[in-house]
DNA sequence: CTTTCTCTAAAGTGCACTGTGGCCAGTGC
């Protein structure tokens, strides 16, 4: 049994125990046990098999024995018995906003509901309102939550599919009949969520490639399998299409399947003006008066032939990129190699999984020159936020640790909560002792747009607030952004010289890419921050850079491209001089 | 279920918000 399967079982036990109204601390123990297994630095499956899981914090006698049973027998009797008590479809009810174990238990026990489909039916038949604990409003909210879930069916976050996409690309690239390979579609354009994955291979043996593709591991179902095209559903439900084309067709197919549709429509119109018809295979002359056809070896040649400089895939949304390319006004986009450091990262002091030292080492390994530590503040109780004394102690620890580091620095910051009225969770004299500060909203999400905007603006007006964390609080495919007037926030950021964060956590990617172009034009600076809660999550920077590119950002628009020396100077400047 | 200021038993995350039902319970951060 793999580590992932162990984690899944422990988490499922936690849900089942919740349904049974078990001791909350027992439930918490299974959750934290799952997390311990997930992030255990050594081969935990081997240790569990040998029954050597002793002295690990969070794994006591009971979990040790259960992990041993899983590792050696491939299953867990305790889990199977528990599971047999409830219908399988009950679990999906946990995905609905506003439903927890208590209410699900009532729905199941008193109304006999076993799935989201059952619940929807019951809501429509007005059978929920009137049940003790449920009213008309709840029934309505549930219907909305169900609609929300349905609208997200079959959509995936960019960050959640990156791994499997890169894996498939590698496998296809290594096939002897492959000449060129690329991923197209919204993934290539760095949309924050994607519906499906479009892969493209240049080959002279298309049938070999499509057959090979359908035998790759991790495929749940083959939807179609022809000579030049195959379509599959992966184990995670993601649809993945492959097209095999000739080497000559490859640039056209790459351009066509990368989209967006709107961008391609505009491009084809340009093409027609030159007397050429453009499709996924080639250019053709529409009549004898048309100019001779251009020679095309790669995608860049297509754009050049149409009088355009090369348009990076991230920009292809027909949002001004074609006009800019006509006039040579495209921005030189930021690249991951431009990053020198990053802000907004957590440690074990609040809800992170790694220590200061471990985070510093991981950042150095990535080639960064500095890493900002911004643990939660005291009001974020659920995240074990720091009180003043712990914050100042951490500050001292960071400065001491820096003494032993060469060519690398930790920066002492805080992710300070913006309280309901826009004041901050720490007083100015505490904040003044930090190198920088990220201010974020973590509670009272339901304020009106005006109140929320005023609240955030008040925080930005504070001299010590270097940047604004995850502006809208959205969790992609899970929770809508709270209401806030983004245009006003951007204006205020420009005025107060407050940086806005591009939070790279794949769940967030907030502020949204659609706003960055405008913010940049007003002189607002960006900080690309992973919001890392463990060392591996520093890799989120890759997603952040792709979304920054999508927002037309250049190196000079992003403060964490500054060298350690420059950023140190910059942080010392009063805000109005930044 | 785990940890510990323990040795057998107790403690272990607090608060805001929403909706329901009559002032509290469930959910989410």
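The values are calculated or read from the model by the stated rules, or taken from the named source; none is laboratory data. What you are looking at is a predicted structure, and each value in this text was computed from that prediction instead of being measured. Positions of Cβ are backbone-derived with ideal geometry, glycine not excepted, and every protein chain shown enters the neighbour counts.
Of the conditions (1) buried (at least 18 other Cβ atoms within 10 Å of the Cβ); (2) part of a helix (DSSP H, G or I); (3) more than 13 Å from DNA strand B (Cβ to nearest atom), residue A:72 satisfies every one except a single condition; which number is it?
(1)
Quickly run through the range A:522-536 and pick out the residues that are surrounded by fewer than 21 Cβ atoms within 10 Å (Cβ to Cβ) and at pLDDT 95 or above.
A:522, A:523
Take residue A:38 and decide whether it is within 27 Å of residue A:134 (Cα to Cα), surrounded by 13 or more Cβ atoms within 10 Å (Cβ to Cβ) and more than 12 Å from DNA strand B (Cβ to nearest atom).
Here the answer is no, as residue A:38 does not meet what is asked.
Condition first: on the phi > 0 side of the Ramachandran plot and either free of Cβ contacts under 8 Å to residues at least 40 places away in the same chain or not assigned by TED's automatic domain parsing to the domain that holds residue A:102 (or both). Now tell me which residues in the range A:14-50 satisfy that. Before you say what the answer is, go through the steps one by one.
Looking only at the range A:14-50, we keep the residues that are on the phi > 0 side of the Ramachandran plot, and these are A:21.
If the condition is that a residue be on the phi > 0 side of the Ramachandran plot and either free of Cβ contacts under 8 Å to residues at least 40 places away in the same chain or not assigned by TED's automatic domain parsing to the domain that holds residue A:102 (or both), then no residue fits.
Taking the residues in the range A:51-61 that are touching a residue at least 24 places away in the same chain (Cβ under 8 Å) and surrounded by fewer than 18 Cβ atoms within 10 Å (Cβ to Cβ) as candidates, determine which candidate is nearest to DNA strand B (Cβ to nearest atom).
Among them, the one singled out is A:60.
Take residue A:131 and tell me if it is surrounded by 14 or more Cβ atoms within 10 Å (Cβ to Cβ), within 13 Å of DNA strand B (Cβ to nearest atom), without any contact (Cβ under 8 Å) to a residue 60 or more places away in the chain and assigned to a helix (DSSP H, G or I). It would help to see each step written out before you state the result.
On the way: surrounded by 14 or more Cβ atoms within 10 Å (Cβ to Cβ): yes; within 13 Å of DNA strand B (Cβ to nearest atom): yes; without any contact (Cβ under 8 Å) to a residue 60 or more places away in the chain: yes; assigned to a helix (DSSP H, G or I): no.
It is false that residue A:131 is surrounded by 14 or more Cβ atoms within 10 Å (Cβ to Cβ), within 13 Å of DNA strand B (Cβ to nearest atom), without any contact (Cβ under 8 Å) to a residue 60 or more places away in the chain and assigned to a helix (DSSP H, G or I).
Since residue A:382 meets every condition but one in (1) modelled with pLDDT of 95 or more; (2) in a helix (DSSP H, G or I), which condition does it not meet?
So the condition that residue A:382 fails would be (1).
Where in the range A:394-476 are there strands (runs of 3 or more DSSP E), lying wholly inside it, with at least 3 residues that are in the same structural domain as residue A:374 (by TED's automatic domain parsing), crowded, with 20+ Cβ neighbours inside 10 Å and within 16 Å of DNA strand B (Cβ to nearest atom)?
A:415-417, A:438-440
Tell me which of these residue A:367 doesn't satisfy, since it passes every other one: (1) under 27 Å from residue A:553 (Cβ atoms); (2) part of a helix (DSSP H, G or I); (3) free of Cβ contacts under 8 Å to residues at least 40 places away in the same chain.
Here residue A:367 clears every test but (2).
Hey, can you tell me all the residues within the range A:95-117 that are within 23 Å of residue A:477 (Cβ to Cβ), assigned to a helix (DSSP H, G or I) and more than 12 Å from DNA strand B (Cβ to nearest atom)?
A:116, A:117, listed by residue number.
Please specify each residue of the range A:1-24 satisfying the condition of being part of a helix (DSSP H, G or I), within 13 Å of DNA strand B (Cβ to nearest atom) and farther than 19 Å from residue A:65 by Cβ.
A:15, A:18, A:19, A:24
Which of (1) away from DNA strand B (no atom under 13 Å from the Cβ); (2) loosely packed, with under 14 Cβ neighbours inside 10 Å; (3) without any contact (Cβ under 8 Å) to a residue 60 or more places away in the chain; (4) farther than 27 Å from residue A:480 by Cβ does residue A:124 not meet, given it meets every other one?
Among (1) away from DNA strand B (no atom under 13 Å from the Cβ); (2) loosely packed, with under 14 Cβ neighbours inside 10 Å; (3) without any contact (Cβ under 8 Å) to a residue 60 or more places away in the chain; (4) farther than 27 Å from residue A:480 by Cβ, residue A:124 violates only (4).
Only one of these conditions is not met by residue A:78: (1) under 30 Å from the mean Cα position of the chain (by Cα); (2) within 9 Å of DNA strand B (Cβ to nearest atom); (3) within 22 Å of residue A:33 (Cβ to Cβ). Which number is it?
(1)
Just to be sure before I move on: is residue A:88 exposed (fewer than 14 other Cβ atoms within 10 Å of the Cβ), under 32 Å from the mean Cα position of the chain (by Cα) and in the same structural domain as residue A:137 (by TED's automatic domain parsing) in the structure I sent?
yes
Among the candidates A:244, A:224, A:230, A:253, single out the residue that is crowded, with 17+ Cβ neighbours inside 10 Å and free of Cβ contacts under 8 Å to residues at least 40 places away in the same chain.
Unique residue meeting the criteria: A:230.
Tell me, which residue of the range A:357-377 that is within 16 Å of DNA strand B (Cβ to nearest atom) and in contact with a helix residue (DSSP H, G or I) (Cβ under 8 Å, 6 or more places away or on another chain) is farthest from residue A:444 (Cα to Cα)?
Going residue by residue through the range A:357-377, those that are within 16 Å of DNA strand B (Cβ to nearest atom) are A:374-377.
From what's left, in contact with a helix residue (DSSP H, G or I) (Cβ under 8 Å, 6 or more places away or on another chain): A:375-377.
Values: A:375: 20, A:376: 16, A:377: 16 Å.
Ranking the qualifying residues of the range A:357-377, first place goes to A:375.
What are the residues in the range A:134-144 that are more than 7 Å from DNA strand B (Cβ to nearest atom) and either crowded, with 17+ Cβ neighbours inside 10 Å or not assigned by TED's automatic domain parsing to the domain that holds residue A:98 (or both), if any?
Passing the criteria: only A:142.
Report yes if some residue within the range A:149-167 is within 13 Å of DNA strand B (Cβ to nearest atom) and either on the phi < 0 side of the Ramachandran plot or touching a residue at least 60 places away in the same chain (Cβ under 8 Å) (or both); otherwise report no.
Filtering the range A:149-167 down to residues within 13 Å of DNA strand B (Cβ to nearest atom) leaves A:149.
Next, from what is left, pick out any that are either on the phi < 0 side of the Ramachandran plot or touching a residue at least 60 places away in the same chain (Cβ under 8 Å) (or both): A:149.
There is at least one residue in the range A:149-167 that is within 13 Å of DNA strand B (Cβ to nearest atom) and either on the phi < 0 side of the Ramachandran plot or touching a residue at least 60 places away in the same chain (Cβ under 8 Å) (or both).
For residue A:547, indicate whether it is under 12 Å from the mean Cα position of the chain (by Cα) and in contact (Cβ under 8 Å) with a residue 24 or more places away in the chain.
Answer is yes for this residue.
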